[in-house]
Amino acid sequence: MASLACWVSTGILLFFAIVGEKIFRLFGITLASFKIAGSIVLLLIALDMLQARRSPVKETREEKDAGTIKEDIAITPLAVPMLAGPGAISTAILLRTQARGWTEELALLLCIPVVCFLCYLVLRLASHGVGWISPIAMRITTRIMGLLLAAIAIQFTLDAIAEQKGKLF
């Protein structure tokens, strides 16, 4: 799961770093609206974590019926929106638009896979430590992480509103 999540997030971040600004401009999407949309997805996942239930954001009923018993979170929510979420995608797009010259653009495009590889290492190390944690501690940790994820989602929304405040008023 860690490997797949990091490969997917690398591809998504590189894609958006290269063509994200053009796509947003084509559809008339602002970075602020993208942050708010991403924050809604994060908030839905966070609320399900707080209630200790499997999120319908992760899969549809049909996917659940057709899927295996094992829960696979590599693509959603791990790769998207946690590793390659609105903050990371927005940052990749902004850094690309602020790059002065091909050397800075190349540096950004090389940094993305390096950071994703470091995330892979962290996730691999974390998977070894999970066996040492009791199921009760894991549930408590999941709920605490859900609360933190909800706070991150709200912060994305507040940041997007603050960015737009000067433009609206």
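The values are calculated or read from the model by the stated rules, or taken from the named source; none is laboratory data. These figures come from a predicted structure and were not determined experimentally. Neighbour counts run over all protein chains shown; Cβ positions are idealised from the backbone, glycine included.
Looking only at residues that are in contact with an Asp or Glu (Cβ under 7 Å, 6 or more places away or on another chain) and in a helix (DSSP H, G or I) in segment 1-49, which one is nearest to Leu121 (Cα to Cα)?
Going residue by residue through segment 1-49, those that are in contact with an Asp or Glu (Cβ under 7 Å, 6 or more places away or on another chain) are 1, 32, 35.
Next cut, in a helix (DSSP H, G or I) only: 32, 35.
Details: Ala32: 31, Lys35: 27 Å.
Out of the qualifying residues, it is Lys35.
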Check your understanding: Of Arg139, Arg124, which residue is touching a helix residue (DSSP H, G or I) at 6+ places or on another chain (Cβ under 6 Å) and surrounded by fewer than 14 Cβ atoms within 10 Å (Cβ to Cβ)?
Key -> Arg124
Check your understanding: Could you say whether any residue in segment 131-148 is at pLDDT 90 or above, part of a helix (DSSP H, G or I) and β-branched (Val, Ile, Thr)?
Key -> yes
Point to revise | Residue pairs meeting the criteria (Cβ under 7 Å; at least 6 apart or on separate chains; first more than 20 Å from Glu104 (Cβ to Cβ), in segment 11-34; second among the polar types (S, T, N, Q) and part of a helix (DSSP H, G or I)) | key: Ala32/Gln164; Phe34/Ser90
Check your understanding: If we scan segment 15-33, do we find a residue that is crowded, with 18+ Cβ neighbours inside 10 Å, modelled with pLDDT of 85 or more, among the aliphatic types (A, V, I, L, M) and within 18 Å of the chain's Cα centre (by Cα)?
Key -> yes
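Suppose the filter is in a helix (DSSP H, G or I), of a type outside the set (Asp, Glu), at pLDDT below 85 and surrounded by 14 or more Cβ atoms within 10 Å (Cβ to Cβ); does Pro81 pass it? I'd like the intermediate steps shown before the answer.
Details: in a helix (DSSP H, G or I): yes; of a type outside the set (Asp, Glu): yes; at pLDDT below 85: yes; surrounded by 14 or more Cβ atoms within 10 Å (Cβ to Cβ): yes.
Yes: the conditions hold for Pro81.
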